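Colleague: Below you'll find the structure I mean.
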């Protein structure tokens, strides 16, 4: 069962968070909607505390709010997100993202809070994982630029199509 979620718009450290939140005791899947139907997240086999860091599930606030997992919602300045998206050849976000994030119940934080190793990051980590914060590991990860190898990301076409239809219905 999914016990924690990090939800954000794209280009808001979800890949980094998935790495940070994956340890010998926890597994944090990045963007699982590319391979799994959201309604089946809790059936994903896992031998440790399961979490997800997702840039798409946030567009389903009713689903997310009904799920019992501990949630952190990451907000990043839309202009920064758009610059980052354009720099990798993608299109800018629409205003639907911030509205969707605002509708999610949980702990709302700012992007920079994830990297605040002397402050809020420890609280976020312990809240999500129910494990002690590893400051040394966090420090090492803060020095890294982590993003997916887009050419290797597997997308199941039927899952992507079903998700797009579900988002369209949820936002209309």
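Any read-out appearing in this document is the output of simple, stated calculations on the displayed coordinates, not a laboratory observation. Predicted, not measured: the structure shown is a model, and the values here were computed from it. Backbone-built Cβ (ideal geometry, glycine too); neighbour counts: all protein chains shown.
Colleague: Please work out the Cα convex hull volume for the stretch 5-84 and give it in Å³ per residue.
Modeller: It comes to 91 Å³ per residue, whole-number rounded.
Colleague: Something else: Relative contact order of the chain, please, whole-number percent, based on alpha carbon pairs below 8 angstrom and at least 6 residues apart.
Modeller: 29 percent
Colleague: I'm spelling it out carefully: the read-out is Rg and Dmax of the Cα atoms in Å, the candidates are (i) 14.1, 38; (ii) 15.3, 45; (iii) 20.4, 70, and one was derived from this structure. Which label?
Modeller: Here the calculated entry is (ii).
Colleague: If each DSSP helix of 4+ residues adds -39,500 (n - 2.57) and the sum is divided by the residues in the chain, what number results at 222 nm, nearest 500 deg cm²/dmol?
Modeller: It lands at -10500 deg cm²/dmol.
Colleague: What ranking do 23, 55 get, fewest neighbouring Cβ atoms within 10 angstrom at the top?
Modeller: Ordered by Cβ neighbours within 10 Å, fewest first: 23, 55.
Colleague: Most exposed first by the Cβ proxy, i.e. fewest other Cβ within 10 Å, how do 93, 29, 52 rank?
Modeller: Least to most surrounded, the residues fall as 93, 29, 52.
Colleague: For residue 82 and residue 147, what is the calculated FRET efficiency with R₀ set at 25 Å and r taken between the beta-carbons, to the nearest 0.05?
Modeller: 0.95
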